[in-house]
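Worksheet for the structure shown next.
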Amino acid sequence: MTSTGMNTMSRIIFYEDRNFQGRSYECMSDCPNMSSYLSRCHSCRVERGCFMVYDRTNYMGNQYFLRRGEYADYMSMMGMSDTIRSCRMIPMHRGSYRMRIYERENFGGQMYELMDDCDNIMDRYRMSNCMSCNVMDGHWLMYEQPHYRGRMMYMWPGEHRNFTSMGFSGSRFMSMRRIMDSCY
């Protein structure tokens, strides 16, 4: 279950220059297109909550997870360009976590149900690929490589039949982690 009253407290401030200098843009919810507010972004401050930031509009492209804290030069720290184009607020979740992962697109192939973090689906399930999932409870991060490394993708409750439609063509995910309330 999601507590929407607490979600209004989320806040991130983006700055054009390093060390929180230059023009800024404050965001307290999802923003599908930030390009009209800032021409570049080199630092940010997450005052409350957790956010995913994207290098393309409409929540597409490379994704990066940010929790409460200061990122004085997070673009170079994370290997990002200066083109943050959208951001998504991650709602607070209290309760259980549950996700089914599938070997192939459209819920095909082997299926396993997760209720906790998995640092390597090959070791745990002998599963070499995860190409679709159904998130029943909670919010999750999926990673391309084992041990929570490589590109990541935010997964929210619902059916995710095809990761390509989310901007991840040819990607497979090998580890998954729950987004816990430690963000708030």
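Does the range 96-106 contain any residue that is assigned to a strand (DSSP E or B), surrounded by fewer than 16 Cβ atoms within 10 Å (Cβ to Cβ) and either in contact (Cβ under 8 Å) with a residue 12 or more places away in the chain or under 17 Å from the mean Cα position of the chain (by Cα) (or both)?
Checked the range 96-106: at least one residue is assigned to a strand (DSSP E or B), surrounded by fewer than 16 Cβ atoms within 10 Å (Cβ to Cβ) and either in contact (Cβ under 8 Å) with a residue 12 or more places away in the chain or under 17 Å from the mean Cα position of the chain (by Cα) (or both).
Give the residue that is modelled with the lowest pLDDT, with candidates limited to residues of the range 173-184 that are in a loop (DSSP other than H, G, I, E, B) and surrounded by 16 or more Cβ atoms within 10 Å (Cβ to Cβ).
Going through the qualifying residues, I end up with TYR184.
Can you name every residue in the range 148-170 that is open to solvent by less than 10 Å² (accessible area, probe 1.4 Å) and either under 16 Å from PHE65 (Cα atoms) or part of a loop (DSSP other than H, G, I, E, B) (or both)?
If the condition is that a residue be open to solvent by less than 10 Å² (accessible area, probe 1.4 Å) and either under 16 Å from PHE65 (Cα atoms) or part of a loop (DSSP other than H, G, I, E, B) (or both), then MET153, TYR154, MET155, PHE168 are the ones that fit.
Taking the range 11-43 as the search range and keeping residues that are in contact (Cβ under 8 Å) with a residue 40 or more places away in the chain and part of a strand (DSSP E or B), which one is farthest from ILE90 (Cα to Cα)?
PHE14
Just to be sure I understand, how many residues within the range 6-26 are closer than 20 Å to TRP156 by Cα and modelled with pLDDT of 95 or more? Explain how you work it out, then say what you get.
Going through the range 6-26, the residues closer than 20 Å to TRP156 by Cα turn out to be 6-12.
Still in the list and also modelled with pLDDT of 95 or more: 11-12.
Number of matching residues: 2.
Give just the number: which of (1) open to solvent by 60 Å² or more (accessible area, probe 1.4 Å); (2) of a type outside the set (Gly, Ala, Ser); (3) more than 15 Å from the chain's Cα centre (by Cα) does ILE121 not satisfy?
Only one criterion in (1) open to solvent by 60 Å² or more (accessible area, probe 1.4 Å); (2) of a type outside the set (Gly, Ala, Ser); (3) more than 15 Å from the chain's Cα centre (by Cα) is unmet by ILE121, namely (1).
From the residues in the range 63-75 that are surrounded by fewer than 19 Cβ atoms within 10 Å (Cβ to Cβ) and not aliphatic (A, V, I, L, M), which one is farthest from ILE12 (Cα to Cα)?
Step one: of the range 63-75, the residues surrounded by fewer than 19 Cβ atoms within 10 Å (Cβ to Cβ) are 65, 67-70, 72-73.
Of the ones still in play, those that are also not aliphatic (A, V, I, L, M) are 65, 67-70, 73.
Details: PHE65: 12, ARG67: 9, ARG68: 9, GLY69: 10, GLU70: 10, ASP73: 15 Å.
Taking the candidates together, the pick is ASP73.
Mind counting the residues in the range 134-147 that are surrounded by fewer than 18 Cβ atoms within 10 Å (Cβ to Cβ) and on the phi > 0 side of the Ramachandran plot? Outline the logic, then answer.
Step one: of the range 134-147, the residues surrounded by fewer than 18 Cβ atoms within 10 Å (Cβ to Cβ) are 136-137, 144-147.
Among the residues that remain, those that are also on the phi > 0 side of the Ramachandran plot are: 147.
Result for the range 134-147: 1.
Take the range 155-172 and flag every residue that is over 17 Å from MET99 (Cα atoms) and at pLDDT 90 or above.
none
The values are calculated or read from the model by the stated rules, or taken from the named source; none is laboratory data. Everything numeric here is computed off the predicted structure, so don't read it as measured data. Note that we place each Cβ from the backbone using ideal geometry, even for glycine, and neighbour counts take in every protein chain shown. Heavy atoms of the whole protein, side chains included, go into the accessibility calculation; ligands, DNA and RNA do not. Shrake-Rupley method; radii C 1.70, N 1.55, O 1.52, S 1.80 Å.
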